[in-house]
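I have placed the structure first, in the form of structure tokens, so that the comments after it can refer back to it.
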Amino acid sequence: MTPFHDRAHAVAWRKDALELLDQRRLPGTVIYRRLTAVGEVAEAIRSMVVRGAPAIGIAAAYGVVLAARARHAENPHRWRERVAADLAMLAAARPTAVNLVWALRRMEGIIAEMEGDPVERLLAQAWAIHQEDIAANRRMGELGAALLGKRGAVLTHCNAGALATGGYGTALGVIRRGHEAGLIERVYADETRPWLQGARLTAWELVQDGIPVTLLADGAAAALMQRGGVRWVIVGADRIAANGDVANKIGTYYLAVAARYHGVRFMVVAPTSTVDMRIASGAEIPIEQRAAEELLTFGGQPVAATGAEVWNPSFDVTPAALVDALVTERGVALAPDGEKMARLMAA
Ligand code: MRU
């Protein structure tokens, strides 16, 4: 059977429009949304129709194509100024994943140097960003699987799979490759409150690829490690600072602490588009705070005591000192630090 990552695409350019798989409806409903205006793309990113750091960047790149097409049609002389405002709107859609601004900067580079109708050249650049991401995931799959060692079970958090990227996945890319090589017997997937990316998306991807998956409540992970149930924690990232600190889905830091305590190794898998060398440490990474309703309600039903206040950060920062391996498409940094990050990025 065709693997999942070849059948389902979170992001695609089809018939002059951006097509997004609506991830809010998964796994129950598979519905693709057709977007023809840049404002719709910004809203789709904000509202989690598309999510996952690389997928957000790719969607934004195609969003720039839609923006340029409309602005150039409105006014072929002043389209650049208007597109600049569209770019700012896209950049503000979600603050933590740096892949978004990374992709927009690449698109801006093309805009700055081009003449004439912008659509073809911008589409070629967005397509390149998309294809490079898939190739990076494949490469990271090989590099990460080579670190796994003895056959065993692994734990992952959130969704860093085909759905979160151009295709194949970062953490799930390593898991796919590791399973193929006979090194992964089972994947434990944290359900990942409050959006349930683990339960709804990761488990869905793995079940369809025939990779054994066991779902657990986020709070159960340390107990699983205590029982010797996992060899590696494997996660993606939304932004990695110059010193190797890693921002990823809320709950990742707690996994890294528990993993170190229990002698479980901790692997971060992310393309270099997720590395932000302009910021020195994780303390500078902007952490998205999301709506209180995400905790006060469940499936639209109120679940919390009336009057309770909410703290709902969408991401946390894992210090580099807790990371055993950082896998990028340019290579692996074991126990990453500032020096190793600089070497990796210069490679
Ligand atoms: O809020 P989300 O679903 O966009 O958060 C996604 C994550 O935290 C992923 O782990 C990260 O973006 C890496 S995806 C390859």
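Given H placed on each backbone N at 1.01 Å, which residues far from THR318 in sequence or on other chains put an amide H within less than 5 Å of it?
VAL246, ALA247, ASN248
For region 4-135, what is the largest minus smallest coordinate of the Cα atoms on each principal axis, given in angstrom and ordered from greatest to least?
Cα spread of region 4-135 along its principal axes, largest to smallest: 47, 28, 27 Å.
Around ARG33, which amide H atoms from residues at least 5 apart in sequence, or from another chain, sit under 5 Å from its own amide H, with H modelled in the peptide plane?
The list, which skips near neighbours in sequence, is LEU20, LEU21, ASP22.
Per-residue ellipticity at 222 nm for the chain, helices alone: DSSP H runs ≥ 4 residues times -39500 (n - 2.57), over residue total, nearest 500 deg cm²/dmol?
So the calculated ellipticity at 222 nm is -12000 deg cm²/dmol.
Using alpha-carbon positions, what is the distance between the centroids of region 291-344 and region 232-268, in Å?
The distance from the Cα centre of region 291-344 to that of region 232-268 comes to 8 Å.
For the chain, with equal point scatterers placed on the C-alpha atoms only and solvent neglected, what are the log10 I(q)/I(0) values from the Debye formula at q = 0.10 1/Å, to two decimals?
-0.57
Rank MET48, MET345 by accessible area, highest first, at a 1.4 Å probe radius? Working shown, then result.
Values: MET48 5, MET345 45 Å².
So the residues, ranked largest to smallest area, are MET345, MET48.
Using a 1.4 Å probe, what is the accessible area per residue for region 4-135, in Å²?
The answer is 42 Å² per residue.
Top to bottom by accessible area (1.4 Å), largest first, where do HIS72, HIS77 land?
Result, largest first: HIS77, HIS72.
Rounded, prolate or oblate: which one fits region 1-50, using the alpha carbon gyration tensor with axes a ≥ b ≥ c (rounded when a/c is under 1.5, else prolate when a/b beats b/c, else oblate)? Write down the numbers at each step before the final one.
Numbers: a/c = 2.59, a/b = 1.42, b/c = 1.82.
Because a/c hits 1.5 or more and a/b fails to exceed b/c, region 1-50 counts as oblate.
Under a point spin-label approximation (7 Å from Cα along Cα-to-Cβ), what is the MET277-ALA304 distance to one decimal in nm?
Label-label distance for MET277 and ALA304, simple model: 4.1 nm.
Order the following by accessible area, largest value first: THR318, THR36. Probe radius 1.4 Å; ligands, DNA and RNA are ignored.
Descending order: THR36, THR318.
Among DSSP beta bridges whose residues both lie in the chain, state the antiparallel percentage, nearest 5.
50 percent
Taking θ as phi - 60°, what are the ³J(HN,Hα) couplings along region 6-20 by the Karplus curve (6.51, -1.76, 1.60), each to the nearest whole Hz, with x for Gly and Pro?
Per-residue couplings from phi come out as 8, 9, 10, 10, 5, 9, 8, 9, 9, 6, 6, 9, 8, 10, 10 Hz.
For VAL310, tell me the accessible area in Å² from a 1.4 Å probe, rounded to the nearest 10.
Around 50 Å² of this residue is reachable by solvent.
Using a basic spin-label model with each label point 7 Å from the Cα along Cα→Cβ, how many nm lie between ALA85 and ASN312?
3.1 nm
Tell me, what ³J(HN,Hα) does each residue in region 273-290 have, in order and in whole Hz, if you take phi through Karplus 6.51 cos²θ - 1.76 cosθ + 1.60 with θ = phi - 60° and put x for Gly and Pro?
5, 8, 8, 10, 6, 7, 10, 6, 8, x, 4, 8, 6, x, 9, 5, 9, 10
Ignoring ligands, DNA and RNA, please state the percent of accessible area on the chain from carbon and sulfur, probe 1.4 Å. Provide the component values of the computation, followed by the final result.
Working: 7690 of 14190 Å².
Carbon and sulfur atoms account for 54 percent of the accessible area of the chain.
Subtract the Cα-Cα distance of ILE31 and VAL119 from 0.36 nm times their separation in residues, and report this length gain in nm to one decimal.
Answer, rounded to one decimal: 29.0 nm.
The values are calculated or read from the model by the stated rules, or taken from the named source; none is laboratory data. A quick note: this is a predicted structure, and the numbers were derived from the prediction, not measured. Note: ideal-geometry Cβ built from the backbone for every residue, glycine included; neighbour counts use all protein chains shown. Quick note on the areas: whole protein, heavy atoms, side chains included, nothing else; ligands and nucleic acids left out. Shrake-Rupley method; radii C 1.70, N 1.55, O 1.52, S 1.80 Å.
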